[in-house]
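Participant: Okay, here's the structure, questions in a sec.
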Amino acid sequence: MGALVLVATSLMLLILQHSGASDGARAGSGSIWQPQPDCPAPAKCGNVNIPYPFGIREGCFRPKGGFNISCKQEQAYIGPDIRVTNFDVVQSEARILTDIPSGTVAWKYNNETDPIAWTSRGGLRLGNHHMVSSAKNRFTAIGCSTVAFIYGRDKNGSNGQFDQFTSLCGSFCFDEGSIEDGPECSGMGCCQVPISTNLRRFSLGFYNYNTTKKVLNFSSRSYAFVVEKDQFKFKSSYAKADNFMEELARGIPIILEWITDNETCEEAALEESYACVANNSECLNVREAPGYRCNCTQGYEGNPYLKDGCRVVNTADINECNATRFPNSCKGICSNTDGSYDCICISIILLIICISTLLIKIQRMKLEKEKQRFYDQNGGHILYQKIISGQVNTVEIFTEEILKNATDNFNSSRELGTGGHGTVYRGILRDNSVVAVKRSRIINVTHAEEFVQEIIMLSQINHRNVVRLIGCCLEVEVPILVYEFISNGTLYHLIHGGSSSHVRRSVSLKLRLRIAQESAEALAYLHLSTNRPIIHGDVKSLNILLDDNYTVKVTDFGASRWLPKEAVQLMTMVQGTLGYLDPEYLQERKLTEKSDVYSFGVVLLELITGKTAIYCHNGEDEKDKSLAASFLRAMEEERVESILDASLTGASMEALPLLQEVAKLGSMCLSARGEERPSMAEVADRLKAVRIAWRDFLVSSEYNMMEVFIDSSEAPPSGNQSSAVFWTPDMQSLQVETLR
């Protein structure tokens, strides 16, 4: 108990002293700039205050380190041509302006090429005491066929040698309409990349990149420069017009960091040139530079480079123990000090209460922040806006505890499958209803809108052949969706088998045609029957679920996109599954409804050939083949029968013409050009016609067989269906089936 009390006492004193020091710091206020006493005051150049160690007149700046400032026409300069607009002694920073006349910004006409690769068109050279801030600046390029480079040198703090680095930044545009106003650079007309630490000099230029006449018509120039990231807001006119030259004329801001000297604090303290001369000042090592800086200690502010520079302003008016001005700053005996205060708890019980209360409060704050972070990360604010606007009104919000109980804490034995966007578990809710719980992979902020997009799209879909969204959970690190449970696996497993629970079995032509038509109708609904077209983006047999009656349920909308009518979605990253991807989408990054048509064409081939999208021919040890390519080759060579499923062609010769009709439809879906492919509505109609033809043939065959049985008085009893080859469950149901 004594050890616990000692530890608790020490911890509490440290916490309270730290709190007191912080409050003391907040209490101070006053001007940071103070002139050196024997120099003219105030030291100014135009509107720029110049604090020591910087100065204009000899004897008014620190003798070494590049702290002398020249004043020309009311403009302050470091060196001969680097304009300065602001100094910050506390942060050891200075803001400068770069422009074309000073040679610190690079630009060119887009039809120009440099005779020598990597030719410098601009740059900046600083002394050993000044560095370009890597935290507050970014290398930026503007243009529409622009590949800019920055080549620099930074000093290695460990050995005092200079290291070299090169970084590239590429900015491109599809057309004039693809350039949008910032404020951030997206790569369309403007790009930004970080720069190296401790950068003291750099060169800027352009890689010789061939542009097109189309681009030159709306973007004639390229620019490369380093800029303070919080001060630059991109405008589309910078890339499309020449008005960025006006911005350059005003100057581009850059934040410089500076050190007092290149020694460590320990080394500098032994010399007369030691810069941290103020009472209540401290020395800070900048090991990466290497060198040191000065700062005022906690509770003081001002200029640590002047003897009386660090002070508490209006000390007599500040009492950190005043409970009115600083509530709850001390729970025990408070003793005011110069710039801070001391606090001592009066009893062990009070000490324990203080620590316990503080820890509980910290823990609660941590949990609340974590929940809020997850909520924001998973697109909670976006979804909330959609809910209050009425776009989402059928979604139930689940807690993490409910879904953990439903899935036995996401037990691996409950897994139904794993896809590119997450893992799906079988869950049982409190009302004993069975659901499918999709736990997405960890996403970053840039993907939060994709998660919300899936919720919005699924909540608006109402079709018997599309899986229904029940609800979601947002208070966890990874987003979770809850769907209706589809019990009979996927179309892939029905056709190909592929797991211990799904053995490949014979599937009738009638069932295959129904599955094809229902899948086509679901995709046609997505393309046509909503306010805006929904492109699925990942159509494949694994994403077509089947219930107990083999009714189709299209699922997995993680790669889906919402489009305005008659629009095309330009994608920066291709999503989909090998073997199903539209070649036009792969080449041009244009995602349209016809991309789904192509993928569905591959599914159609799986249904009539029994082969997977990527397959090995006859089990031979050879390179895997594309089903789409093999099928189109067979169509060209007029040997399509050789690639069809033998279980379909061998059952009835009358089925062959219908299979050839489906094959012809599949080849249309697989056209290289999207405009030559049919729409999903047209595909669904043609499949419906094929189903009707097959039904009529089977009905005709059934009646013919019944006439034979009646004439011979050998009609089979209802309980013995094996005595006639045409008496099948499929035939018996034909008389009551109505095609949609």
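Participant: Taking residue 58 as the residue in question, decide whether it is at pLDDT 90 or above and not hydroxyl-bearing (Ser, Thr, Tyr). If you could, list the steps in order and put the result at the bottom.
Facilitator: On the way: at pLDDT 90 or above: no; not hydroxyl-bearing (Ser, Thr, Tyr): yes.
In short, no.
Participant: How many residues, within the range 228-249, are more than 20 Å from residue 172 (Cα to Cα) and either touching a Ser or Thr at 6+ places or on another chain (Cβ under 6 Å) or in contact (Cβ under 8 Å) with a residue 60 or more places away in the chain (or both)?
Facilitator: Looking only at the range 228-249, we keep the residues that are more than 20 Å from residue 172 (Cα to Cα), and these are 228-231, 246-249.
Of the ones still in play, those that are also either touching a Ser or Thr at 6+ places or on another chain (Cβ under 6 Å) or in contact (Cβ under 8 Å) with a residue 60 or more places away in the chain (or both) are 228-230, 248-249.
Within the range 228-249, residues that are more than 20 Å from residue 172 (Cα to Cα) and either touching a Ser or Thr at 6+ places or on another chain (Cβ under 6 Å) or in contact (Cβ under 8 Å) with a residue 60 or more places away in the chain (or both) number 5.
Participant: For the range 585-602, check the following and say yes or no: at least one residue is surrounded by fewer than 23 Cβ atoms within 10 Å (Cβ to Cβ), among the hydrophobic types (A, V, I, L, M, F, W, C) and touching a helix residue (DSSP H, G or I) at 6+ places or on another chain (Cβ under 8 Å).
Facilitator: There is no residue in the range 585-602 that is surrounded by fewer than 23 Cβ atoms within 10 Å (Cβ to Cβ), among the hydrophobic types (A, V, I, L, M, F, W, C) and touching a helix residue (DSSP H, G or I) at 6+ places or on another chain (Cβ under 8 Å).
Participant: What number of residues within the range 165-184 are within 16 Å of residue 144 (Cβ to Cβ) and either acidic (Asp, Glu) or buried (at least 20 other Cβ atoms within 10 Å of the Cβ) (or both)? Write out each step before concluding.
Facilitator: Narrowing the range 165-184 to residues within 16 Å of residue 144 (Cβ to Cβ): 169-182.
This time we only want the ones that are either acidic (Asp, Glu) or buried (at least 20 other Cβ atoms within 10 Å of the Cβ) (or both), so: 169, 171, 173, 175-176, 179-181.
Residues that pass the stated criteria total 8.
Participant: A further question follows. If you take the residues of the range 613-630 that are out of contact with any Phe, Trp or Tyr (no Cβ under 7 Å at 6 or more places or on another chain) and crowded, with 18+ Cβ neighbours inside 10 Å, which of them is modelled with the highest pLDDT? Let's see the steps before the verdict.
Facilitator: Initial filter on the range 613-630 (out of contact with any Phe, Trp or Tyr (no Cβ under 7 Å at 6 or more places or on another chain)): 614-623, 626, 628-630.
Okay, now just the ones that are also crowded, with 18+ Cβ neighbours inside 10 Å, so 615, 628.
Values: 615: 81, 628: 92.
Of everything passing the filter in the range 613-630, 628 is modelled with the highest pLDDT.
Participant: What do you reckon, is residue 284 without any contact (Cβ under 8 Å) to a residue 24 or more places away in the chain and within 42 Å of the chain's Cα centre (by Cα)? Walk me through it before giving the result.
Facilitator: Numbers: without any contact (Cβ under 8 Å) to a residue 24 or more places away in the chain: yes; within 42 Å of the chain's Cα centre (by Cα): yes.
Yes.
Participant: Continuing with this model, one more query. Here is a check on your reading of the model: is residue 34 modelled with pLDDT under 55, touching a Gly at 6+ places or on another chain (Cβ under 9 Å) and under 25 Å from residue 310 (Cα atoms)?
Facilitator: Working: modelled with pLDDT under 55: yes; touching a Gly at 6+ places or on another chain (Cβ under 9 Å): yes; under 25 Å from residue 310 (Cα atoms): yes.
It is true that residue 34 is modelled with pLDDT under 55, touching a Gly at 6+ places or on another chain (Cβ under 9 Å) and under 25 Å from residue 310 (Cα atoms).
Participant: Now for a separate question. Select from the range 298-313 the residues that are without any contact (Cβ under 8 Å) to a residue 40 or more places away in the chain, assigned to a loop (DSSP other than H, G, I, E, B) and farther than 20 Å from residue 64 by Cα and list them in ascending order.
Facilitator: Listed by number, the list holds a single entry, 308.
Participant: Let me ask something else about it. Take residue 73 and decide whether it is within 23 Å of residue 231 (Cα to Cα) and either buried (at least 21 other Cβ atoms within 10 Å of the Cβ) or among the polar types (S, T, N, Q) (or both). Explain how you work it out, then say what you get.
Facilitator: Working: within 23 Å of residue 231 (Cα to Cα): no; either buried (at least 21 other Cβ atoms within 10 Å of the Cβ) or among the polar types (S, T, N, Q) (or both): yes.
No: the conditions fail for residue 73.
Participant: Just the residues that are within 26 Å of residue 125 (Cα to Cα) and among the hydrophobic types (A, V, I, L, M, F, W, C), please, taken from the range 269-306.
Facilitator: Of everything in the range 269-306, those that are within 26 Å of residue 125 (Cα to Cα) and among the hydrophobic types (A, V, I, L, M, F, W, C) turn out to be 275, 284, 286, 289, 294.
Participant: Restricting the search to the range 631-648, which residues are among the acidic types (Asp, Glu) and at pLDDT 90 or above?
Facilitator: Narrowing the range 631-648 to residues among the acidic types (Asp, Glu): 636-638, 641, 645.
The answer is 636, 637.
Participant: Of (1) surrounded by 15 or more Cβ atoms within 10 Å (Cβ to Cβ); (2) under 13 Å from residue 224 (Cβ atoms), residue 198 satisfies all except one. Which?
Facilitator: (2)
Participant: Given the criteria in contact with a Cys (Cβ under 9 Å, 6 or more places away or on another chain), buried (at least 20 other Cβ atoms within 10 Å of the Cβ) and not acidic (Asp, Glu), does residue 296 qualify? Break it down stepwise before answering.
Facilitator: Values: in contact with a Cys (Cβ under 9 Å, 6 or more places away or on another chain): yes; buried (at least 20 other Cβ atoms within 10 Å of the Cβ): yes; not acidic (Asp, Glu): yes.
In short, yes.
Participant: Exactly one of these conditions fails for residue 727: (1) modelled with pLDDT under 90; (2) surrounded by 16 or more Cβ atoms within 10 Å (Cβ to Cβ); (3) part of a helix (DSSP H, G or I). Give me its number.
Facilitator: Here residue 727 clears every test but (3).
Participant: Something else now. What are the pairs, 6+ residues apart or on separate chains, where a residue within the range 207-226 that is farther than 25 Å from residue 102 by Cα has its Cβ under 6 Å from a residue that is surrounded by fewer than 17 Cβ atoms within 10 Å (Cβ to Cβ) and among the acidic types (Asp, Glu)?
Facilitator: 218/176
The values are calculated or read from the model by the stated rules, or taken from the named source; none is laboratory data. Predicted, not measured: the structure shown is a model, and the values here were computed from it. Neighbour counts are summed over all protein chains in view; Cβ atoms, including those assigned to glycine, are modelled from backbone coordinates with ideal geometry.
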